[in-house]
1. From (1) part of a helix (DSSP H, G or I); (2) touching an Asp or Glu at 6+ places or on another chain (Cβ under 9 Å), pick out the condition that doesn't hold for Val152.
2. Taking the stretch 12-26 on its own, how many of its residues are among the aromatic types (Phe, Trp, Tyr) and open to solvent by less than 40 Å² (accessible area, probe 1.4 Å)?
3. Hey, among the residues in the stretch 108-125 that are among the hydrophobic types (A, V, I, L, M, F, W, C) and within 27 Å of Ala37 (Cα to Cα), which one's surrounded by the fewest Cβ atoms within 10 Å (Cβ to Cβ)?
4. Against the condition surrounded by 14 or more Cβ atoms within 10 Å (Cβ to Cβ), in a helix (DSSP H, G or I) and aliphatic (A, V, I, L, M), how does Leu128 come out, does it pass?
5. Evaluate the stretch 33-42: report whether one residue or more is closer than 22 Å to Val138 by Cβ and not in a loop (DSSP other than H, G, I, E, B).
6. Determine which single condition Phe105 fails, assuming it passes every other condition in (1) closer than 18 Å to Glu13 by Cα; (2) buried (at least 17 other Cβ atoms within 10 Å of the Cβ).
7. Just give me the residues in the stretch 64-76 being of a type outside the set (Phe, Trp, Tyr), open to solvent by less than 60 Å² (accessible area, probe 1.4 Å) and in contact (Cβ under 8 Å) with a residue 40 or more places away in the chain, in sequence order.
8. Which of the residues that make up the stretch 140-176 are under 19 Å from Asp107 (Cα atoms) and either touching a Pro at 6+ places or on another chain (Cβ under 6 Å) or surrounded by fewer than 11 Cβ atoms within 10 Å (Cβ to Cβ) (or both)?
Amino acid sequence: MAELATIARPYAEALYKAAQADLNAAAVWLDELAEVACNSQLQQFAGNPHSTNAQVFDLVAGVIKAALPEQGKNFLRTVIDNGRLAALPEIAAQFRALKNAQGGFSDAVVFSAFPIDAAALTEVAASLEKRFGRKLNVTVKLDAELIGGVRVVVGDEVLDTSVKARLEQMKVALSA
């Protein structure tokens, strides 16, 4: 089977070209579709030979929070008709990368052991933008294993200032 990124690329590029009027709105509904498409029960239902494409479409469209615009409905129908529902998360990631490249942004995921309030997140985002030298779309994910501190992932760059990482460094230093 072809690699998922290869399958997703034409869909992401086509949607990017078609959604030029409002890329932000398209990104919102595409991210919701991608989140729903990750569900293993949905994948199982979609892969069932007794399930029709219309049933899969109705299920997915009914589960997402926001109402799909006509463009979103057409896109979802195309993805389902071509049997590419499992590629939706990768399509969303590639679409986001195209959108970010146009605006000079990068996605940043901040892993934290504890929730970060809005004021602290703004301060962290400003220092990260200075550190990485570009504008960032910052999202926060909780990871209790970090114990404290944060771990930041921007593309293929990682900045790990967590307590867990420091303990690992001490362990290596002491065992050397």
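1. Failed condition: (1).
2. Narrowing the stretch 12-26 to residues among the aromatic types (Phe, Trp, Tyr): 16.
Filter again for open to solvent by less than 40 Å² (accessible area, probe 1.4 Å), leaving none.
Number of matching residues: 0.
3. Looking at the filtered set, the residue picked out is Val109.
4. So Leu128 passes the test.
5. Within the stretch 33-42, one or more residues are closer than 22 Å to Val138 by Cβ and not in a loop (DSSP other than H, G, I, E, B).
6. (2)
7. Scanning the stretch 64-76 gives Pro69, Gly72, Leu76.
8. Selection gives Lys141, Asp156.
The values are calculated or read from the model by the stated rules, or taken from the named source; none is laboratory data. The shown structure was predicted, so the numbers you read here are calculated from the model rather than taken from an experiment. When we count neighbours, we look across all protein chains shown, and the Cβ atoms used for this are built from the backbone with ideal geometry, even at glycine. Surface areas here come from the heavy atoms of the whole protein model, side chains and all, with no ligands, DNA or RNA. Shrake-Rupley method; radii C 1.70, N 1.55, O 1.52, S 1.80 Å.
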